[in-house]
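What follows is a set of notes on a single structure, which appears directly below.
The values are calculated or read from the model by the stated rules, or taken from the named source; none is laboratory data. Keep in mind that what you see is a predicted model, and the values were worked out from it rather than measured. All Cβ positions, glycine included, derive from the backbone under ideal geometry; neighbour counts span all protein chains shown. Note: areas computed on protein heavy atoms with side chains; ligands, DNA, RNA excluded. Shrake-Rupley method; radii C 1.70, N 1.55, O 1.52, S 1.80 Å.
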Amino acid sequence: MESLDYRRATGTGQSPPIKVFWENWRQFYGDSGLVNPRGDRLLTKLSLRALKNLRPKLMMVNYNDCDYVHWGNMAHYTRGIAIMDAGIRKIVAAVEADEEYRDNTIFVIVPDCGQDDSKFAAVPCQHHFNTRSSREIFAVAFGAGIVRGRVIDRPTEQMQIAPTIGQLMGFATKHADGQVLEEVLA
Amino acid sequence: MSGERTISPRRWFVAVPLLAWKYLVGVLFCQHPVTAVMVVGWTGRLMQRRVLRSWWQKSPLVGQGVSYEQFVATLPEAHTPQGFPNWFWREPRLPDSQTPSQGVAGWAVSRFLHRALGSLADNIRQGCTGALSIFLFTLPATSLWLCAWVLGWNISFFKLYEQSELGVSLGLFGILLFVLAMLYVPLAHTRQVVTGQWRAFFDFRFNWRLARCNAAVMLPVALVFAVLSLAIMILRIAPYYIGTSPHFEGFSVEQLRQWLDRYHLAAGAVLLPTYVFVWLFVAKAYARAALAQYTAHAPCPSLRGLEREALARLQLPPRESRFANRPILRTTSRTCGRAVTLALVVLTCLGWFAVAAELFVAQFFNYMPGTAWLNHPLVLLPWIKDIPPGLAP
């Protein structure tokens, strides 16, 4: 995958707007990492700031607090879900409040991973043993070209997300193996 | 040798089913922490027999035609069985201390209960005192492991990376405490079960000297624990991976629990002999160490109770120093001996470090909450059965 990354191939690195974005971030929060929010609250904060400053046409948020439960405290999993819920609410509210984004930008929000489905796990939040269920996740998608309010309640492949986004955005995803998730398209 | 008994085919006919019964009960007792305490006591009584028999075999009494049974009969406090101890019924050869002081009927009932549950009482008494001593000694280390684990995951979840060294440091400090404890605990526990005295476990100076002066026997003990606990840890983590099999699709909670019960019954069939083997190995090491200490420093006033009585009756000749009249050789031998002892202690520490490390690795492969940190199944209670909360009745 690294060989496909155009930034590595051309040596251009981050684009100027992204560089400015991070400079502003550092000016506000500093470099210590001790002042800014952490975990998924940080991702929500970054998303809201990106919405304000970068004006993206596609925003994909990969929440990962649930990833950090592993064999730890089971209550952390539901706490992680609650943090993710609150983050999605804030992002949706920000989008709804901004005329430019409404029906004009694609948002896809996913968690980092699923869970192993061992029947004999004391804390069923492990996902490092390459089971199928450890790759089964949910996804929230909304925005331009996406049907509103539809729930697809059946197992689909995680790798279907990339070609679906490509279809919505109008670019080819020749390196993606999955099929377009047709039910998402309006 | 007069002490060796020949067993007739008829006796085998009785002995084999009896042994199978004892094994089966032991396996069942390994299924719950409360009953596992009795396995500790039962094994302790077996260790006592192993030690006394080992001493008797090395004594001139054997050449004089004194059988093991005759030797044990001379010991005032010996409640040691001749073979594998019973779980419930008092062993027939053991003395009956009851006297008819409460009237004939009361005496008969009391005597019956004493016989019917005598071994059970001994197993519980030995098990409770033995397990509690080990628990007290290993608790500082194991509770630090538990804290390190909980703290580590909290740091990970809340991204408190500036505190990340705290979890690792607590874990390593706990391992250090465990290694130090395990340099002491095996011989101390064996002394406790042999003497039948709780205080023997806490004879710090003597127990430590026993371990320090017999570093050569402590290294194999640590290695045996390290190798066999690896097998037990594999048994402990296996259910998680077996549980990912499609075979279990559609199983109800009840069916899953039944499967897990059967698995742990089979695991107990391995755990019980492994636990008994490692502690009999320790008993043998203790027998050698105590004998060496006694022959070098007879009458050795630090010895206690049955230990002192038994060694005093063995008629063992005192051990002469090889270099008694050769000061240069004696000094050289002492210096080299210290270097070798140091090397053996370091290797023994590495062996115990491996035991602790295996537990950490096992927890990363299949986490069991709380009790798995506080109880190493070969050190404390021979029990690995843990029903996940989702399958609990």
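So if R0 is 56 Å, what FRET efficiency would residue B:266 and residue A:183 give, r being the distance between their Cβ atoms, rounded to the nearest 0.05?
After rounding, the FRET efficiency stands at 0.75.
Is there a quick way to get the dipole size of chain A? I mean about its Cα centre, with the Cβ of Lys and Arg at +1 and of Asp and Glu at -1; what is the value in debye to the nearest 20?
Roughly 440 debye for chain A.
So, counting K/R as plus one and D/E as minus one, what does the shell of residues with Cβ under 13 Å around residue B:372 add up to?
Cβ neighbours under 13 Å give a net charge of 0.
Quick one: in the protein assembly as shown, what % of C-alpha pairs are over 48 Å apart?
In whole percent, the long-distance tail amounts to 35.
Just the number, please: buried accessible area between A and B, total of both chains, 1.4 angstrom probe, nearest 100 square angstrom.
Buried: approximately 2400 Å² between B and A.
For chain B, build the convex hull from the C-alpha positions and give me its volume per residue in Å³.
So the per-residue hull volume is 191 Å³.
What base-10 log of the normalised intensity I(q)/I(0) is obtained for the stretch A:129-186 from the Debye formula, alpha carbons as equal point scatterers, at q = 0.12, 0.15, 0.24 Å⁻¹?
Summing over Cα pairs of the stretch A:129-186 leads to -0.30, -0.46, -1.04.
What is the sum of charges around residue A:27, taking Lys and Arg as +1, Asp and Glu as -1, for the other residues whose C-beta is under 13 Å from the C-beta of residue A:27?
+1
For chain B, which longest stretch is free of loop sites, where a loop site is one of the GluC sites (Glu not before Pro) that DSSP puts outside H, G, I, E and B and that has at most 15 other Cβ atoms within 10 Å?
The reported range is B:78-248.
Ignoring ligands, DNA and RNA, what accessible area per residue does the protein assembly as shown give at 1.4 Å, in Å²?
51
Can you give me the orientation-averaged projected area of the convex hull built on the Cα atoms of the stretch A:7-57, in nm²?
Convex hull of Cα atoms, orientation-averaged projection: 4.4 nm².
Greater than 32 Å separation of Cα atoms is the criterion. Which listed pairs, A:19/B:159; A:119/B:159; A:45/A:119; A:57/B:159, meet it?
As for pairs spanning more than 32 Å Cα to Cα, those are A:45/A:119.
Taking N as the number of residues in the stretch B:134-195, what value does Rg over Cα atoms divided by 2.2 N^0.38 Å take?
1.44
Over the stretch B:175-280, what is the relative contact order in whole percent, taking alpha-carbon pairs under 8 Å and six or more residues apart?
This gives 21 percent for the stretch B:175-280.
At q = 0.19 Å⁻¹, what log₁₀ I(q)/I(0) does a Debye calculation on the Cα points of chain A give, no solvent, two decimals?
-1.51
With r as the distance between the Cβ atoms of residue B:374 and residue B:300 and R0 = 22 Å, compute the FRET efficiency 1/(1 + (r/R0)^6) and round to 0.05.
The computed FRET efficiency comes out at 0.05.
What helices does chain A hold that run 18 Å or longer along their axis, going by alpha-carbon atoms, with a Kyte-Doolittle average of 0.0 or more, using DSSP H for the helix calls?
Membrane-span-like by this rule: A:75-96.
Contact order normalised by length for chain B, with contacts defined as Cα pairs under 8 Å and 6 or more residues apart; what percent is it?
The value is 27 percent.
Simple spin-label model, 7 Å along Cα-to-Cβ: residue A:157 to residue B:169 in nm?
For the pair residue A:157/residue B:169, the computed spacing is 4.9 nm.
Please check chain A for the longest run free of chymotrypsin sites (Phe, Trp or Tyr not before Pro) that are loop-located per DSSP (anything but H, G, I, E, B) and have at most 13 other Cβ atoms within 10 Å.
A:1-128
Normalised by the number of residues in the stretch A:1-137, what is the relative contact order in percent for Cα pairs under 8 Å and 6+ residues apart?
So the answer I get is 23 percent.
When the dipole is taken about the Cα centre of the stretch A:122-177, and only Lys, Arg (+1) and Asp, Glu (-1) are charged at their Cβ, what size is it in debye, to the nearest 20?
Result for the stretch A:122-177 is approximately 100 debye, rounded to the nearest 20.
Return the ratio Rg/(2.2 N^0.38 Å) for the stretch B:141-244, where Rg is computed over Cα atoms only.
My calculation over the Cα atoms of the stretch B:141-244 gives 1.42.
Along the Cα→Cβ direction, 7 angstrom out, place labels at residue B:346 and residue B:82. What is the inter-label distance in nm?
5.1
Given R₀ = 60 Å, what would the calculated FRET efficiency be for residue B:110 paired with residue B:357, taking r from the Cβ atoms and rounding to 0.05?
Calculated transfer efficiency: 0.70.
Run the dipole for the protein assembly as shown about the Cα centre, Lys and Arg Cβ at +1, Asp and Glu Cβ at -1, nothing else charged, and hand back the magnitude in debye, nearest 20.
2880
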